[in-house]
1. Kindly list, by first and then second residue, each pair from a residue in the range 74-86 that is in contact (Cβ under 8 Å) with a residue 24 or more places away in the chain and at negative phi to a residue that is of a type in the set (Ser, Thr, Tyr) and assigned to a strand (DSSP E or B), limited to pairs with Cβ atoms under 6 Å and residues at least 6 apart or on different chains.
2. If only one of 168, 161 is in a strand (DSSP E or B) and either in contact with a Phe, Trp or Tyr (Cβ under 9 Å, 6 or more places away or on another chain) or closer than 19 Å to residue 218 by Cα (or both), which one is it?
3. Which one of 137, 141 is in a loop (DSSP other than H, G, I, E, B), of a type in the set (Asp, Glu), touching a Lys or Arg at 6+ places or on another chain (Cβ under 8 Å) and under 16 Å from residue 166 (Cα atoms)?
4. Could you please tell me which pairs satisfy a Cβ distance under 9 Å, a separation of 6+ or placement on different chains, a first residue in the range 126-137 that is in contact (Cβ under 8 Å) with a residue 60 or more places away in the chain, and a second residue that is among the basic types (Lys, Arg)?
5. Residue 166 - would you say it is out of contact with any Lys or Arg (no Cβ under 9 Å at 6 or more places or on another chain), surrounded by 16 or more Cβ atoms within 10 Å (Cβ to Cβ) and either under 25 Å from residue 279 (Cα atoms) or touching a residue at least 24 places away in the same chain (Cβ under 8 Å) (or both)?
6. Under 8 Å between Cβ atoms, at least 6 apart or on separate chains: pull out the pairs that start in the range 252-281 with a residue that is more than 11 Å from residue 201 (Cβ to Cβ) and end on any residue that is among the hydroxyl-bearing types (Ser, Thr, Tyr) and assigned to a loop (DSSP other than H, G, I, E, B).
7. Only one of 201, 179 is surrounded by fewer than 23 Cβ atoms within 10 Å (Cβ to Cβ) and either of a type in the set (Asp, Glu) or within 15 Å of the chain's Cα centre (by Cα) (or both). Can you tell me which?
Amino acid sequence: MTWYFVSKCLTRHAHKPAKIIRYFGNAVSERAVFSRRTKAIQKKRAVSSPDVHVFDYLKSEASDMICDRVGDVKRSFPVVLDLSSNRGFLSRTLTKQDGIDYVVQGDICRENLVHSFPSQLPCDSVAFDEELLPYRDNSFDLVLSSMGMHWVNDLPGCFKQILRVLKQDGCFIGVMCGADTLYELRCSLQLAETERESGMAPHISPMIPGHQLANLLWGAGFSLVTLDFDELIVNYPSMFELMEDLQGMAENSAIVHRKMLHRDTLIAAASIYQAMYGDKSSECIPATFQLLFMIGWKPDKSQQKPLERGTVPKGFNINKSET
């Protein structure tokens, strides 16, 4: 494995300059589903657009929900890692009132870190691949991740690395897109491509269902795992505006061996989308974003544990109602 290291200082609206450091490896797994290089290029292109703020609505909403969950945990987290930080949607909302003293922002795209939002907290920025965390064991009290982990190839390995860098009784809170995300677009493209090209290829990135995500967290070693989901439905004038917005927010496909769609297939898919899912009264099409929220804790002796089998007192009836 060859490692690359570049260091640069950047002045930003924080208590001290943000140090941008880059950590990357040049090895690519043969089983990789997503091209991490392609995703970094997509992010760079998106953040370089003068209209980048127009496409912030999805990530802003998801980050606000994460911050609400941080506020629900009644304890302090002095040192926090913001994994897949993008342009710092989490850091601009979090404050010292949330029990946070210092934030490390990490993203695969250096340009995102350069254009980070101002934060009330002291922040450092580190550009690295989320699949390769360049930190020692027991470094952070809290790890946050908003809308980035659905592009990770080795999700079980990533969870194990997060567990490794967490301190004892540390917390991981994250959100990622679930399997039902953009199912309308997926079905429309599949039907159109099958009709026009006598076959179909994946064009919407595969995403994980909720029950599998919970199993991965348990398997990585997290305790007290909690999982819930929310669905955001956004209306667009047509399928083409939806695809434009996905590109603008760097959420377009990054599949390794992706096939380009023909123009007539795209036009057919747009018609199918409108016919199957469109709202005739508003002439809009809905797009579903399923957000999977996860919370896991690094095991510690102080945490509550379930009773061992056979230790329940005799005569105890969980279904018995008191009168």
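Each reported figure results from applying straightforward, stated rules to the coordinates on display, with no laboratory input. Predicted model only: the values in this text are computed from it and were never measured. When we count neighbours, we look across all protein chains shown, and the Cβ atoms used for this are built from the backbone with ideal geometry, even at glycine.
1. Filtered contacts from the range 74-86: 79/102; 83/145.
2. On the way: 161 fails: in a strand (DSSP E or B).
On inspection, the qualifying residue turns out to be 168.
3. Values: 141 fails: in a loop (DSSP other than H, G, I, E, B).
Of the residues listed, the single one that is in a loop (DSSP other than H, G, I, E, B), of a type in the set (Asp, Glu), touching a Lys or Arg at 6+ places or on another chain (Cβ under 8 Å) and under 16 Å from residue 166 (Cα atoms) is 137.
4. 126/19; 126/22; 127/22; 127/110; 128/22; 129/36; 131/36
5. Details: out of contact with any Lys or Arg (no Cβ under 9 Å at 6 or more places or on another chain): no; surrounded by 16 or more Cβ atoms within 10 Å (Cβ to Cβ): yes; either under 25 Å from residue 279 (Cα atoms) or touching a residue at least 24 places away in the same chain (Cβ under 8 Å) (or both): yes.
No; evaluated as a whole, the condition is false for this residue.
6. 254/35; 254/205; 256/35; 270/238; 273/238; 274/238
7. Numbers: 201 fails: either of a type in the set (Asp, Glu) or within 15 Å of the chain's Cα centre (by Cα) (or both).
The conditions single out 179.
Table: residues versus (1) outside any loop (DSSP other than H, G, I, E, B); (2) buried (at least 24 other Cβ atoms within 10 Å of the Cβ).
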| site | (1), (2) |
| --- | --- |
| 70 | yes, no |
| 75 | no, no |
| 78 | yes, no |
| 90 | no, yes |
| 102 | yes, no |
| 105 | yes, yes |
| 111 | yes, no |
| 121 | no, no |
| 124 | yes, no |
